[in-house]
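Worksheet: one structure, shown below.
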Amino acid sequence: MGRGKIEIKKIENPTNRQVTYSKRRAGIMKKASELTVLCDAQLSLVMFSSTGKFSEYCSPSTDSKSIYDRYQQVSGINLWSAQYEKMQNTLNHLKEINHNLRREIRQRMGEDLDGLEIKELRGLEQNMDEALKLVRNRKYHVISTQTDTYKKKLKNSQETHRNLLREMETEHAVYYVDDDPSNYDGALALGNGASYLYSFRTQPSQPNLQGMGYGPHDLRLA
């Protein structure tokens, strides 16, 4: 039993339409490949689906540009004239923009002012004032940011310095032992920068030494 004929009209269901396109696209690609091999034909096939998906097939013995060039020669239709004209218009527009920007730069540098009228000069002056204001605001912002950064660094350095001083004071503590708080020599040694001062007071135990008038002796190590 053969298949019934399908009415050639647009398939309204998007899913069915996409499935049909995929199947028939594969069939057309296969036929194009067979035609290239069997008949030694050169062909280029370009397709776009309803969703904009691009598909292309070109004979292995050539390329798409060569096919288009031969088509132009045979048909006498220039395929690139419209694109070239569009590109030329774009190029001219960009040249005009570049020319205007260069002229504006020269005018802001005080050059090429002869052809300007009072209104244009006032507008240029206003633009320069606004630009100068933006530059100054940016400069002050940068200076303020750098100042805050330096203040933080200075504060950290001072805190580090204080911590080092505390550690040094702890490591070089002064120990002083003396029964006589009015010892002048010990105070003098401390005043001269002695880091460690040990004071030991000795009393002679021999009677002959006591009789000779020797009093208590201090042995100090500073």
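The values are calculated or read from the model by the stated rules, or taken from the named source; none is laboratory data. Note that the structure is predicted; figures quoted are calculated from it, not measured. Virtual Cβ from ideal backbone geometry, glycine too; neighbours counted across all protein chains shown.
Examine region 1-20 for a residue that is of a type in the set (Gly, Ala, Ser) and surrounded by 10 or more Cβ atoms within 10 Å (Cβ to Cβ), and state whether such a residue exists. Among the residues of region 1-20, not one is of a type in the set (Gly, Ala, Ser) and surrounded by 10 or more Cβ atoms within 10 Å (Cβ to Cβ), which makes the answer no.
Scanning region 109-160 for residues that are closer than 30 Å to residue 99 by Cβ and either in contact (Cβ under 8 Å) with a residue 60 or more places away in the chain or of a type in the set (Gly, Ala, Ser) (or both) yields 110, 115, 123, 131.
Here residue 87 does not qualify as out of contact with any helix residue (DSSP H, G or I) (no Cβ under 9 Å at 6 or more places or on another chain) and under 30 Å from residue 132 (Cβ atoms). Considering region 51-80 alone, what residues qualify as being exposed (fewer than 10 other Cβ atoms within 10 Å of the Cβ) and part of a helix (DSSP H, G or I)? Correct list: 73, 74, 75. Suppose the filter is under 47 Å from the mean Cα position of the chain (by Cα) and loosely packed, with under 10 Cβ neighbours inside 10 Å; does residue 90 pass it? So residue 90 does not fit the description; no. Within this structure, residue 178 passes the test of being in contact with a helix residue (DSSP H, G or I) (Cβ under 7 Å, 6 or more places away or on another chain), over 30 Å from residue 103 (Cα atoms) and modelled with pLDDT under 85. Determine, yes or no, whether residue 91 is closer than 30 Å to residue 67 by Cα, assigned to a helix (DSSP H, G or I) and either in the same structural domain as residue 64 (by TED's automatic domain parsing) or modelled with pLDDT of 85 or more (or both). Judged against the criteria, residue 91 is a match. Is region 30-44 home to any residue that is farther than 30 Å from residue 129 by Cβ, assigned to a loop (DSSP other than H, G, I, E, B) and not aliphatic (A, V, I, L, M)? Looking through region 30-44, at least one residue is farther than 30 Å from residue 129 by Cβ, assigned to a loop (DSSP other than H, G, I, E, B) and not aliphatic (A, V, I, L, M). Going by the conditions given, is residue 105 among the β-branched types (Val, Ile, Thr), part of a loop (DSSP other than H, G, I, E, B), out of contact with any Pro (no Cβ under 9 Å at 6 or more places or on another chain) and without any contact (Cβ under 8 Å) to a residue 12 or more places away in the chain? When the stated conditions are applied, residue 105 does not pass them.
Every listed requirement among (1) touching a strand residue (DSSP E or B) at 6+ places or on another chain (Cβ under 6 Å); (2) more than 22 Å from residue 6 (Cα to Cα) is met by residue 29 save one, (2). Scanning region 1-59 for residues that are closer than 23 Å to residue 69 by Cβ and hydroxyl-bearing (Ser, Thr, Tyr) yields a total of 6.
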